[in-house]
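Trainee: My questions will all concern the structure given below.
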There are 2 protein chains.
Amino acid sequence: MDSKTKNRPQTPPPDGGRPTLKTIAFMTGLGITTVSRALKDAPDIGAETKERVRLVAKQIGYQPNRAGVRLRTGKTNVISLVLTLEEEIMGITSPMVVGITEILAGTPYHLVVTPYSAVKDALAPIRYILDTGAADGVIISRTEPHDPRVALLTERGLPFVTHGRTEMGIVHPYHDFDNERFAYEAVRKLVAHGRRRLVLLEPPPHLTFYSHMRAGFERGLRDFQADAVSFHQTNIDHSLVEIRDAFEVLMRSEDAPDGIVSGSGSGAIALIAGLEMAKKKLTEDCDMVSKVPSDFLRWLRPEVMTMYEDIRVAGRELAKAVIGHIDGAPAETLQSLSQPEFQPPIIRGLRA
Amino acid sequence: MDSKTKNRPQTPPPDGGRPTLKTIAFMTGLGITTVSRALKDAPDIGAETKERVRLVAKQIGYQPNRAGVRLRTGKTNVISLVLTLEEEIMGITSPMVVGITEILAGTPYHLVVTPYSAVKDALAPIRYILDTGAADGVIISRTEPHDPRVALLTERGLPFVTHGRTEMGIVHPYHDFDNERFAYEAVRKLVAHGRRRLVLLEPPPHLTFYSHMRAGFERGLRDFQADAVSFHQTNIDHSLVEIRDAFEVLMRSEDAPDGIVSGSGSGAIALIAGLEMAKKKLTEDCDMVSKVPSDFLRWLRPEVMTMYEDIRVAGRELAKAVIGHIDGAPAETLQSLSQPEFQPPIIRGLRA
DNA sequence: CATCGCAACTGTATCGTTACAGATTTGAAG
DNA sequence: CTTCAAATCTGTAACGATACAGTTGCGATG
């Protein structure tokens, strides 16, 4: 066979299978390499040729074989969302996944969900991804001030973004909710309602946003002259029953607070239950501000003042940031903080 | 070079990279083919050789390159979860994803989330997966009696499982919640509470479980001698505001029901709001049974009687079923129905 | 009319794996 | 001492894509 045309498929590729570069090469009479480079808009391919190739590719619905690309180039076109199985409790995964996929829909990226179970295993999925080259970028949450995952990913140069910030002197992409301001504004609001003895249902101390929320809470106490009621033994990672029971005890004590800042929506539910078990009533004995990821609380307990953390938007921001990181944008430009705002109450009139 | 050893790597594969069959071949002095077959436990490889290969493979942490396998064999080791972006509202995705990944964790499968937006596009992601060979198996939900996705997947022979049943004479794997029985038991319970004028907040009519739930409801009405109050213009896919407003009108009318069966947890929230806007009270003017995917309602409105649909378990069942289908198990053995049960009320005493 | 540079295109090798068709060795049967 | 079969191992080609190092043709330059 003439070596000049060895790269040109002589037989029409078997029909029924999906089109490959070979198919296009056969149809256009070009070499496979040329077709490949034409589709990449390489500078050494003629303008008219590119046009022809693009047209044929579109006509037959050519889509590059992911395995081929991945094997040759190492590019996986995968973004990995790393989740704790326990994260489910907060019901946060749904809108997050939706937000991420909204952004990925316009790209060649697929979203792979990579779970891990115990907290001590948090590094395991990261190692897996690094070792097997399973993804081009990673999204992690439940960020800690000194997060070994961030250290490892940075060291190995795999693009990532965190949901939450770190404090380790590494500049990396992140998206976060401004929990400092949330707690600060919550205190302001409660004081405006005449509340002075405030309690905070806080995040677990090892997560970064613990200190943010505490800082905002304490700054609020100082600025608006209120007092803290201690509730440190309990945090939003505890079970609803634990939170409820601990809070009932507190509400029955001498030390009972008259204002509550809840760092989580489900925590708020447990606090309300504890409060009611102690025969106290919202708005009468106590006011409450809660961060919420959904509308449930507002509908069922409109007397709770809520600040909405839009997880879907967070998912979008995170997705944009990883992709930006993959594309080489500087990390400083891939950081965002979403500002809390109080939600208007649900309108209880007809045709709202 | 001696052709006898052409397949044996002569140079130690560059360190730092991840191990491949070549690495093991070099270390054991065997051919690449032999190593491949040894790891697959092929019958034509000696027992001792297999042992040696396995040992080395384990020692160096060999994991087959997914792109290589996929390119050569077409096996993707991917399960695709096909979701509506709108599904988020029900907050059902989180526990579903968790359940699925729990099962996949023990397998080589990864979970890829493939979304679609409009209802009319429901076929688009399926076509994409079929055309690009993106997955070995598919999980779909929001099943319809005559579901074109099921038809297409069956025709093209791609293993799948549905969350919900179909009525098209095709035997395929599914997992479903017994909505017929749910509604039936709900009616029984309401009648036992002295309620006789019952309303059903039903699923949208095009989904299969609409007729299941209606059938159970109507069978209950007959068996327990209660009457239906019409509320057909509204269903669980409508917005909370729409449901609330429509229900307020109903509750203010002559025709007001005294018992409610709610086909969804978030729908129940809207119904409660509508009821309260009509100045009616739960347990006094009206009782309610709702299907719920989480604990929120039980905590905040313990007076609602609930049947828990465990989505996490559903995720597990679905994952097991697709894998079973991929492995060639007969579809009849991959069908399961989860039975509803009333939940005990939240215990409102200390140390529950 | 060589020679050179440039534009446009192409072949080969390779990524890691597996299907397939041998190849070699060993021991037993004839 | 052949012959054969079984047991064990191996090389080659291919999956689809791309990096790299050419090759070809052609007009401009000296």
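Just so it is clear, none of the values below were taken in a lab; they were calculated from the coordinates. Bear in mind that the values here come from a model prediction, so they are computed numbers and not experimental data. All Cβ positions, even for glycine, are placed from backbone atoms using ideal geometry, and neighbour counts span all protein chains on display.
Trainee: If we count other beta carbons within 10 Å of each Cβ, what is the order of A:K22, B:K189, fewest first?
Mentor: So the residues, fewest neighbours to most, are A:K22, B:K189.
Trainee: Report the antiparallel proportion of the DSSP beta bridges in chain B as a percent, rounded to a multiple of 5.
Mentor: The answer is about 5 percent antiparallel.
Trainee: Which whole-angstrom value gives the distance between the alpha carbon centres of the stretch B:145-187 and the stretch A:219-273?
Mentor: For the stretch B:145-187 versus the stretch A:219-273, the Cα centre distance is 45 Å.
Trainee: Provide the percentage of antiparallel DSSP beta bridges, counting only those with both residues in the protein assembly as shown; round to the nearest 5.
Mentor: Roughly 5 percent of the DSSP beta bridges within the protein assembly as shown come out antiparallel.
Trainee: Label-point separation (nm) for B:L123 and A:T73, each offset 7 Å from Cα along Cα-to-Cβ?
Mentor: My value for the distance between the label points is 3.2 nm.
Trainee: Compute the Rg to Rh ratio over the stretch B:67-194 from the alpha carbon atoms, using the Kirkwood formula for Rh, and round to two decimal places.
Mentor: On the way: Rg = 17.1 Å, Rh = 16.3 Å.
That ratio equals 1.05.
Trainee: Shifting gears a bit: What is the distance in Å between the Cα centroid of the stretch B:94-108 and that of the stretch A:298-313?
Mentor: Distance between centres, Cα-based: 29 Å.
Trainee: Output needed for the stretch B:164-212: three equivalent-ellipsoid semi-axes, defined as square roots of 5 times the C-alpha gyration tensor eigenvalues, in descending order, whole Å.
Mentor: After diagonalising the Cα gyration tensor, the semi-axes are 27, 12, 7 Å.
Trainee: Right, here's the next one. Please state, to two decimals, what the Cα-based radius of gyration of the protein assembly as shown comes to when divided by 2.2 N^0.38 Å (N = residues). Write out the running numbers ahead of the final one.
Mentor: Working: Rg = 29.0 Å, N = 704, 2.2 N^0.38 = 26.6 Å.
So the Cα radius of gyration is 1.09 times the expected 2.2 N^0.38 Å.
Trainee: For a Förster distance of 60 Å, can you work out the FRET efficiency between the beta-carbons of B:I346 and B:T107, rounded to the nearest 0.05?
Mentor: That pair, B:I346 with B:T107, gives E of 0.95.
Trainee: A further question on this structure: If the label for B:V249 sits 7 angstrom from Cα along the Cα-to-Cβ line, what are its distances to the same label in every other copy, in nm to one decimal, shortest first?
Mentor: Here the equivalent label points are 5.2 nm apart from this one.
Trainee: Then there's this: Stick to the Cα atoms of the stretch B:202-324, pair each with every other, and give me the Kirkwood hydrodynamic radius in Å at one decimal.
Mentor: This gives a value of 15.5 Å.
Trainee: Something else: If R0 is 60 Å, what FRET efficiency do you get for B:D44 and A:V241 from their C-beta distance, rounded to 0.05? Don't skip to the end; give the middle numbers.
Mentor: On the way: r = 59 Å, r/R0 = 0.99.
For B:D44 and A:V241, the calculated efficiency is 0.50.
Trainee: Within the P(r) computed for chain B, what percentage of the Cα pairs occupies the region above 39 Å?
Mentor: 33 percent
Trainee: Based on DSSP, what percent of beta bridges with both residues in the stretch B:196-352 are antiparallel, to the nearest 5?
Mentor: Numbers: 1 of 18 bridges.
Within the stretch B:196-352, antiparallel bridges account for around 5 percent of the total.
Trainee: Then there is this: Listed here are the pairs A:K120/A:K320; A:K281/B:K280; B:K40/B:K75; which of them are more than 26 Å apart at the Cα?
Mentor: A:K120/A:K320
Trainee: In addition: Measuring label to label, 7 Å along Cα→Cβ, what does B:V69 give against each other copy in nm, shortest first?
Mentor: 2.2
Trainee: If you don't mind, another one. Mind giving me the nanometre distance, one decimal, between the label points for A:A151 and A:K281, set 7 Å out from Cα along Cα→Cβ?
Mentor: Roughly 5.4 nm, to one decimal.
Trainee: OK, next. Suppose R0 equals 35 Å. What FRET efficiency, 1/(1 + (r/R0)^6) with r the Cβ-Cβ distance, do B:S253 and B:Q225 give to the nearest 0.05?
Mentor: Details: r = 23 Å, r/R0 = 0.65.
Computed FRET efficiency for B:S253 and B:Q225 comes out at 0.95.
Trainee: Pop a pseudo-label 7 angstrom from the Cα along the beta-carbon direction at both B:Q59 and A:S338 and give the gap in nm to one decimal.
Mentor: 5.1 nm
Trainee: How many nanometers, to one decimal and shortest first, lie between the label point of B:E303 and those of its other copies, if labels sit 7 Å from Cα toward Cβ?
Mentor: When each copy's label point is compared with this one, the spacings are 1.4 nm.
Trainee: Using Cβ counts within 10 Å as a stand-in for footprinting exposure, how do A:M251, A:M96 rank, fewest first? Don't skip to the answer; put the middle values down first.
Mentor: Numbers: A:M251 22, A:M96 27.
Ascending number of Cβ neighbours within 10 Å: A:M251, A:M96.
Trainee: Using only DSSP helix segments of four residues or longer, with each worth -39500 (n - 2.57), what per-residue ellipticity at 222 nm results for the protein assembly as shown after dividing by its residue count and rounding to 500?
Mentor: -12500 deg cm²/dmol
Trainee: Okay, moving on. Using the Cα atoms of the stretch B:150-244, I'd like the radius of gyration and the largest Cα-Cα distance, Dmax, both in angstrom.
Mentor: 16.1, 53
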